Each structure stands twice: as C-alpha cells, then as structure tokens.
Amino acid sequence: MATTFDHETDANRYVMRIDGDITAVADYVINGNSISFNHTFTNPKLRGRGYAGQIVSFAVDDVEKTSERRILPMCWYVAKWFDEHPERAGLLTR
C-alpha cells in the first residue's frame, strides 16, 4: 500500500491517499494570521484505523514548518487531537 500526503492549497485542504484513493481530508480556512481547521473526513469504510489522526498530524506539522500562522481548531476532531497532544498547544490561537 502506497500512502501519500498532500497539501492542496487551491482547495484549502490536506489529503491522505492510499493507493491513489482519498482516505482522509482536513479542510481549512485562512483568517489573517490563523488557520481554522473546520472539517475532517475519513472514508467511512476506513474509519477506526487512525487515518484522521494521521492527516491532522501531517497538517499541523506542515503549518508549523511552512508558516507563522496559529491554528484555530473549529472541527471537534482537531480539537480532540490537540487535547491528546498538549505538547503542540503552542500552535493554538483563540
């Protein structure tokens, strides 16, 4: 299985694919100096395998490496991810 992660800036989303098929997505909106993650999605047939966590982790890492933006977790799953990763709380904004 080939797994890829992409940042599709034209669609404002991060995408995880397995063997070319979309597995998980994290959508966002840019608001000035912040990025609001407002929706995550995992293919229903593939839920429960940790894919949502993988795409959120990739997205958070990318935001940290490529910008000065702070993250506003509007999606409940992204908020939960930050609760489970308190070491990343420095990236959050209100």
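Listed values, structure above:
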{"item": "Test result for ASP27, within 10 Å of the chain's Cα centre (by Cα), among the acidic types (Asp, Glu) and either under 20 Å from ALA2 (Cα atoms) or surrounded by 14 or more Cβ atoms within 10 Å (Cβ to Cβ) (or both)", "result": "yes"}
{"item": "Answer residue from the stretch 30-56, given it is farther than 22 Å from ARG94 by Cβ and of a type in the set (S, T, N, Q) and is surrounded by the most Cβ atoms within 10 Å (Cβ to Cβ) among those", "result": "THR42"}
{"item": "Filter result for ILE18 (open to solvent by less than 40 Å² (accessible area, probe 1.4 Å), more than 13 Å from the chain's Cα centre (by Cα) and aliphatic (A, V, I, L, M))", "result": "yes"}
{"item": "Matching residues in the stretch 62-71 - criterion: being assigned to a helix (DSSP H, G or I) and among the hydrophobic types (A, V, I, L, M, F, W, C)", "result": "VAL63"}
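The rows are residues; the columns are (1) among the hydroxyl-bearing types (Ser, Thr, Tyr); (2) touching a Ser or Thr at 6+ places or on another chain (Cβ under 7 Å); (3) at pLDDT 95 or above; (4) in a helix (DSSP H, G or I).
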{"position": "ASP27", "(1), (2), (3), (4)": "no, no, yes, no"}
{"position": "THR40", "(1), (2), (3), (4)": "yes, no, yes, no"}
{"position": "GLY48", "(1), (2), (3), (4)": "no, no, yes, no"}
{"position": "VAL60", "(1), (2), (3), (4)": "no, no, yes, yes"}
{"position": "ARG94", "(1), (2), (3), (4)": "no, no, no, no"}
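The values are calculated or read from the model by the stated rules, or taken from the named source; none is laboratory data. The model shown is predicted, which means the values in this text are computed figures rather than measured ones. Note that we place each Cβ from the backbone using ideal geometry, even for glycine, and neighbour counts take in every protein chain shown. Surface accessibility is based on the protein's heavy atoms, side chains included, excluding ligands, DNA and RNA. Shrake-Rupley method; radii C 1.70, N 1.55, O 1.52, S 1.80 Å.
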